[in-house]
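The values are calculated or read from the model by the stated rules, or taken from the named source; none is laboratory data. Just so it is clear, the model here is predicted, and its values are computed rather than measured. Cβ coordinates were reconstructed from backbone atoms using ideal geometry, including for glycine residues, and neighbour counts include every protein chain displayed. Quick note on the areas: whole protein, heavy atoms, side chains included, nothing else; ligands and nucleic acids left out. Shrake-Rupley method; radii C 1.70, N 1.55, O 1.52, S 1.80 Å.
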Amino acid sequence: MEQRHLGRTGLRVSRIGLGTLTWGRDTDEHDAADMLKTFWEAGGTLVDTADVYGDGEAEYLLGRLMEGLVPRRDLVISTKAGSVPDPDRLVDGSRGHLLAALDASLARLGTDHVDLWQIHAHDPGTPLEETLQALDLAVSSGRARYVGVANFCGWQLAKAATWQLAAPGRTPLAGTQLEYSLLQRGAEREVLPAALDLGVGLLPSSPLGRGVLTGKYRHTTPVDSRGASEHLAPFVEPYLDDAASHIVDAVTTAADGLAVTPLQVALAWVRDRPGVAAPIVGARNAQQLAAALSVEALSLPDEICRALDDVSAPVHRYPDHDWSTL
């Protein structure tokens, strides 16, 4: 698998990443092992997790698999901290919480460092400079090699990345992770321009539109799908409207014309967008993951990309476009 630099750093990651959102909850150790082995054998390196996935079980499971299945040195381990199971405070970006969470993640993963450590979301209740200082301390102590943020909007990313570049000794942000697909192009409004300008690589989550872009929901909801899952159905439901259906039809038409699958078309589109380092793919089993990894050999023709761009184009007007063009 092709390797890409994450932003303007020396960190190289496989251009498809493996997500672990369901590990330790819906995905058991057997399926997780099969997926990790399939990913590794295909040349994949970037494995993305978080301290809240499965209430910590995803990290714990990944750590166990690294002990005997896949060498730690062959993987780029990314985890996140900051989300908390507190209805009154969904995000805790305080220095104390973040560093304690990192120590707990390292213990569950069974490693002395992570390759990429990300703040899971912006915390309006904590000064940003305090949150960012935790990133610097993680790197200076050797507990993290590179750092980034997740789910930051454009101004938040620009402020954070600029702060880190403003003084010697601060660690530049390597990456930013947020949802990006043909069904969710909000990142193009401000996040992507900021990331490109400041040298931050984009790691798209849900690059298949929460599974909808595979076409599996066109006529019904498969009983074994996330859309039929009690706790994940609300996650899928927003992308089952008429607007999404129109885009899925276009993806399916493109796939038919290229003799590939809608999954491959949708994933190739987001993988090769400007500023993207590696879409993070979540799969239910090794067979699903192998289908996603088969996109490695596919590059979409320019005319197909333009058609998909047009059919899924979000409305971005003033002030994103020059006022004189309105």
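For the stretch 1-49, what does the accessible surface come to per residue with a 1.4 Å probe? Please give it in Å².
40 Å²
Quick check on the chain: helices-only [θ] at 222 nm, where DSSP H runs of length 4 and up contribute -39,500 (n - 2.57) each and the sum goes over total residues. Nearest 500, please.
Roughly -11500 deg cm²/dmol at 222 nm, from the helical runs in the chain.
Say we join alpha carbon atoms closer than 10 Å with springs in a Gaussian network model of the chain; which of ARG218, ARG64, ARG89 then has the biggest fluctuation?
Maximum among the listed residues: ARG89.
Rounded to the nearest 20 debye, what is the charge dipole size of the stretch 80-206 about its Cα centre when +1 sits on each Lys and Arg Cβ and -1 on each Asp and Glu Cβ?
So the magnitude is around 180 debye.
Can you give me the % of accessible surface on the chain that is carbon or sulfur? Probe 1.4 Å, all protein chains present, nothing else counted.
Details: 7450 of 14400 Å².
In the chain, the share of accessible area belonging to carbon and sulfur is 52 percent.
So, for the stretch 88-247, what is the accessible surface per residue at a probe of 1.4 Å, expressed in square angstrom?
Each residue of the stretch 88-247 exposes 43 Å² on average to a 1.4 Å probe.
Estimate the FRET efficiency between ASP256 and GLU29 by the formula 1/(1 + (r/R0)^6), using the beta-carbon distance for r and 35 Å for R0, to the nearest 0.05.
0.40
In terms of Cα to Cα distance under 16 Å, which lysines are near enough to LYS216, apart from those fewer than 8 places away along the same chain?
Within the straight-line limit of under 16 Å, LYS216 reaches no lysines at all.
Give the distance, in whole Å, between the Cα centre of the stretch 259-274 and the Cα centre of the stretch 5-40.
18 Å
Taking only the alpha carbons of the stretch 175-326, what extent do you get along each of the three principal axes, in Å, biggest first?
That gives 50, 33, 31 Å along the principal axes, largest extent first.
Quick one: putting +1 on the C-beta of Lys and Arg, -1 on the C-beta of Asp and Glu, what dipole do you get for the chain around its Cα centre, in Debye to the nearest 20? Show your work: numbers first, answer last.
Numbers: 28 positive and 43 negative charges, 139 e Å.
Charge dipole, the chain, about its Cα centre: 660 debye, nearest 20.
As a test of reading the structure, rank ASP302, ASP26 by solvent-accessible area (1.4 Å probe, protein chains only), most first.
ASP302, ASP26
Taking the Cα centre of the stretch 3-97 as the origin, how large is its charge dipole in debye, to the nearest 20, when only Lys and Arg (+1) and Asp and Glu (-1) carry charge on their Cβ atoms?
The dipole magnitude comes to about 780 debye.
Return, for the Cα atoms of the chain, the radius of gyration and Dmax in Å, separated by a comma.
19.2, 61
Among the aspartates and glutamates, which have Cα under 19 Å from the Cα of LYS159 when same-chain residues fewer than 8 positions away are ignored?
Within reach: ASP92, ASP123, GLU129, GLU130, ASP136, GLU188, GLU190, ASP197, ASP320.
With r defined as the distance between the Cβ atoms of ARG8 and ASP309 and R0 fixed at 35 Å, what FRET efficiency is calculated, to the nearest 0.05?
The formula returns an efficiency of 0.85 here.
Projected onto the charge dipole of the chain (+1 at Lys/Arg Cβ, -1 at Asp/Glu Cβ, origin at the Cα centre), which of SER14, PRO168, HIS30 gives the Cα projection farthest towards the positive end?
PRO168
In Å, what is the Rg of the alpha-carbon atoms in the stretch 1-160, and how long is Dmax?
So, for the stretch 1-160, Rg and Dmax equal 15.3, 43 Å respectively.
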